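Any read-out appearing in this document is the output of simple, stated calculations on the displayed coordinates, not a laboratory observation. This is a predicted model, so every value here is computed, not measured. Here Cβ is always computed from backbone atoms with ideal geometry, including for glycine, and neighbour counts include all displayed protein chains.
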Amino acid sequence: MEQLRLKFGEGVFTEQPAKDGIPTCWLPLDRLRAVFTYLKSEISRPYPLLYDITAIDERSRSKNNGYPSSQFTIVYHLFSFERNSFLRLKASLKGDYPTVPSITSLWANASWYEREVYDMFGIRFEGHPNLRRILMPLTWEGHPLRKEHPARATEMGPFRLYDEKQDREQSALQFKPEDWGMERQSQDSDFMFLNIGPQHPGTHGVLRLILQLDGEDIVDLVPDIGFHHRGAEKMAERQSWHTYIPYTDRIDYLGGVNNNLAYLLAVEKLAGIQVPARAQMIRIMMCEFFRIASHLVWYGTFSQDVGQLSPVFYMFTDREKIFDVVEAVCGGRMHPNWFRIGGVAQDLPKGWETLVKKFLDYFPKKLREYDKLVMANSLFKARTVGIGIFTLDEAIEWGATGANLRACGLEWDFRKKQPYSGYEQFDFEVPIAMNGDCYDRALVRVAEMRQSLRIIEQCLKNMPEGAYKADHPLTTPPIKKHTMKDIETLITHFLNVSWGPVIPPGEAMSCIEATKGANSYYAISDGNTSPYRVRVRTPSFAHMQMIPYISRGYTVADLLSILGAMDYVLADIDR
């Protein structure tokens, strides 16, 4: 903040304290590009990563907070690797449909984030090369994250697909190359335009890719996303802080409780809840089990994408063994919905150590077997080595995180660099690779599974005694045995379950190392039983935006290798 004031003047910025400790300030719109240019490339220890862009509809919120009044607020999160620090910048917007200067000329990955803000809020970005909807259909009326837009189907008329509407929807789906700045022909030949998806085994979900081809070579590519969009951020505004937890499970639906943790860390920062040591370690153990389970799905399907059929059956069988442990502990399997505000739903069951040790004894030899079966396979190498290469600078420019970033040589893992939930107590390594191609991204994820085993083993050996949930009035629900002893706890239990806890006003962002990269929840409370706004920043959204850039010049067959090596989940993209 001192450096910013020295550069731009004392009265330009208004500082705002935030419960997550992230430096936060407001700046005028007319200085926005200049400030971002300075932060990205001129300041000492710069902020090269544009982590996220989102907005807040302020019109229903109490305005007595001492900060610039606005009808909408645009919020930017930047990250500096050298400082190991986030920076939050805000700008006040006036008018029902305000305009903001685009920063796509500064960061390549700003394009999709700005399109999403336009789609959800109707905020326009001056200078954006192709400002159009990204998650909602082109024919959609309204902007869903504005407060006047209904949040429930019961608030809207019944859906009817009459003939005229179907014709309009089909027409809107027709791809017109000119809309994307594409030529239909070159000097030598006509280009072919090919749809891959929405239903295609190589897209790992309902994803549409429109390819511009010169023979078998990819000239350009347009991802069409949003088929899985179900309004995850809108749902947060109609749920209590507690009842929103199971909705997070379904975002990276392979990552299980990792989604719960990212959300709950933000809520616990807002509420000032200290989670007991035992609950923290239980959370870590379950997160690492789901990291392995997610990586096994990626490992099997990726090898299948490039031509191997057997591994996917072996690896899904091993994933079931993880789910046996998860089911014994949580009661659920793929979506256990087991973490709670302040801890976990229940303590570990008797005999959990036997189940965990059995898996720790079983799985390492299976990983060695898969090394020979997949990683050492000459055909697998031929399809992945030297394919889909991007450099470290390109990875940062496009917002890549997780294994995709570490495959470019940067040893960066939020579990190590900004430890959360007690990760600082664990001894594990951060695997990296140097070539930034599809094979190296696979190498890193395979090595990560071995590190997850190390973490789980330390949980098994060092699990502390104590409570599995914080002794705090805002934990939900309070420990059941206490409700039978005094009326105050019974009343608290009733209110927290029926209405939900009242989280104090403020805002906080959590960032965790999820199965596919950096995942964060930016939660805003106005002192109510429901969030005022929850922003979900997922790694897959940023990674999918990279696909056109790293696919140009490769063949259609290479594209399936590139997609598989990215390890994305469509619900993680679309939310």
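List the residues whose amide H sits under 5 Å from the amide H of Asp224, counting only those 5 or more places along or on another chain, with H placed 1.01 Å from N in the peptide plane.
Counting only residues 5 or more places away or on other chains, the set is Arg208, Leu209, Ile210.
Computed over the Cα atoms, what is the radius of gyration of the stretch 117-254 divided by 2.2 N^0.38 Å, N being its residue count?
That works out to 1.28 for the stretch 117-254.
Mind checking the alpha-carbon convex hull of the stretch 240-574 and giving the volume per residue in Å³? Let's see the in-between values first.
On the way: hull volume 40.9 nm³, N = 335.
Once divided by residue count, the hull of the stretch 240-574 is 122 Å³.
Going by amide H atoms built from the backbone, whose H comes under 5 Å of the H on His128, apart from near neighbours?
Those lying under 5 Å, H to H, from His128 are Ser102.
Work out how much length Val385 to Asp371 would gain on full extension: take 0.36 nm times their residue separation and subtract the Cα-Cα distance, in nm to one decimal.
3.5 nm
Sticking with the crude label model, points 7 Å out along Cα→Cβ, report the distance from Asp361 to Glu327 in nm, one decimal please.
Modelled inter-label distance: 2.1 nm.
Would you please put 16-26, 389-399, 530-540 in order of how densely packed they are, using the mean number of other Cβ atoms within 10 angstrom per residue and starting with the highest?
530-540, 389-399, 16-26
Over the stretch 2-150, what is the mean sequence separation of C-alpha contacts under 8 Å (at least six apart), divided by residue count, expressed as relative contact order in percent?
Taking the mean separation of contacting Cα pairs over the length of the stretch 2-150, I get 19 percent.
Report, in whole Å, the centroid distance computed from the Cα atoms of the stretch 469-501 and the stretch 104-170.
41
Run through every distinct alpha carbon pair of the stretch 203-315 and return the Kirkwood hydrodynamic radius in angstroms, one decimal place.
About 17.4 Å, per the Kirkwood formula over Cα pairs.
Taking 35 Å as R0, compute the FRET efficiency from the Cβ-Cβ separation of Arg59 and Ser498 and round it to 0.05.
0.80
Tell me, what ³J(HN,Hα) does each residue in the stretch 280-286 have, in order and in whole Hz, if you take phi through Karplus 6.51 cos²θ - 1.76 cosθ + 1.60 with θ = phi - 60° and put x for Gly and Pro?
Values, residue by residue: 4, 6, 4, 4, 4, 4, 5 Hz.
Taking the simple approach of a point 7 Å from Cα along Cα-to-Cβ for both Lys94 and Gln71, what is their distance in nm?
1.1
What does the extension gain come out to for Glu155 and Arg5, with contour length at 0.36 nm per residue minus their alpha carbon separation? All intermediate terms of the calculation are to be shown ahead of the outcome.
Details: separation 150, 0.36 × 150 = 54.00 nm, distance 4.74 nm.
My answer for the length gained is 49.3 nm.
Note down the relative contact order for the stretch 240-574 as a percent, whole number, built from C-alpha pairs under 8 angstrom at least six residues apart.
This gives 26 percent for the stretch 240-574.
If r is the Cβ-Cβ distance from Glu164 to Thr555 and R0 is 41 Å, what FRET efficiency results, to the nearest 0.05?
After rounding to 0.05, the efficiency reads 0.50.
Please quote Rg/Rh for the chain to two decimal places, taking the Kirkwood radius as Rh and restricting both calculations to Cα atoms.
0.96
Which whole-Hz ³J(HN,Hα) couplings does the stretch 415-430 yield from phi under the Karplus relation 6.51 cos²θ - 1.76 cosθ + 1.60, θ = phi - 60°, glycine and proline marked x?
For the stretch 415-430, the Karplus-derived couplings read 5, 9, 7, 9, x, 9, 6, x, 5, 5, 7, 9, 9, 8, 9, 9 Hz, x marking Gly and Pro.
Determine the distance separating the Cα centre of the stretch 318-390 from the Cα centre of the stretch 211-280; give it in Å without decimals.
20
What list of ³J(HN,Hα) values in whole Hz, one per residue of the stretch 309-324 in order, does the Karplus curve 6.51 cos²θ - 1.76 cosθ + 1.60 (θ = phi - 60°) give from phi, with Gly and Pro shown as x?
After applying 6.51 cos²θ - 1.76 cosθ + 1.60, I find 9, 5, x, 4, 6, 5, 6, 5, 5, 5, 4, 4, 5, 5, 5, 4 Hz.
Please list 460-470, 71-81 highest first by mean number of surrounding beta-carbon atoms within 10 Å per residue.
Answer by packing, highest mean first, reads 71-81, 460-470.
Taking the square root of 5 times each eigenvalue of the Cα gyration tensor, what semi-axes in Å does the equivalent ellipsoid of the stretch 386-502 have, largest first?
44, 18, 10
Sticking with the crude label model, points 7 Å out along Cα→Cβ, report the distance from Lys485 to Arg450 in nm, one decimal please.
Placing both labels 7 Å along Cα→Cβ, they lie 4.8 nm apart.
Mind checking which lysines have their C-alpha under 17 Å from Lys381, skipping anything on the same chain fewer than 8 residues away?
Cross-link targets: Lys372.
Got a sec? Charge dipole of the stretch 334-476, +1 on Cβ for Lys and Arg, -1 for Asp and Glu; which of Leu348, Ala470, Leu443 is way out at the positive end?
In the stretch 334-476, that residue is Leu348.
Provide, for the stretch 2-150, the number of lysine pairs with alpha carbons under 21 Å apart, each pair being eight or more places apart or on different chains.
The number of close lysine pairs in the stretch 2-150 is 10.
Just order 265-276, 301-312 by mean Cβ neighbour count inside 10 Å, highest at the front, would you?
Order by mean packing, descending: 265-276, 301-312.
Quote the relative contact order of the chain in percent (integer), defining contacts as alpha-carbon pairs under 8 Å separated by 6+ residues. Show your work: numbers first, answer last.
On the way: 1070 pairs, mean separation 95.7, N = 575.
Relative contact order, the chain: 17 percent.
Have a look at the DSSP beta bridges in the chain and tell me what percent are antiparallel, nearest 5.
Details: 50 of 56 bridges.
Roughly 90 percent of the DSSP beta bridges within the chain come out antiparallel.
So what is the calculated 222 nm ellipticity per residue for the chain, using -39500 (n - 2.57) for each DSSP H run with n of 4 or more, over all residues, to the nearest 500 deg cm²/dmol?
Calculated at 222 nm, the ellipticity per residue is -11500 deg cm²/dmol.
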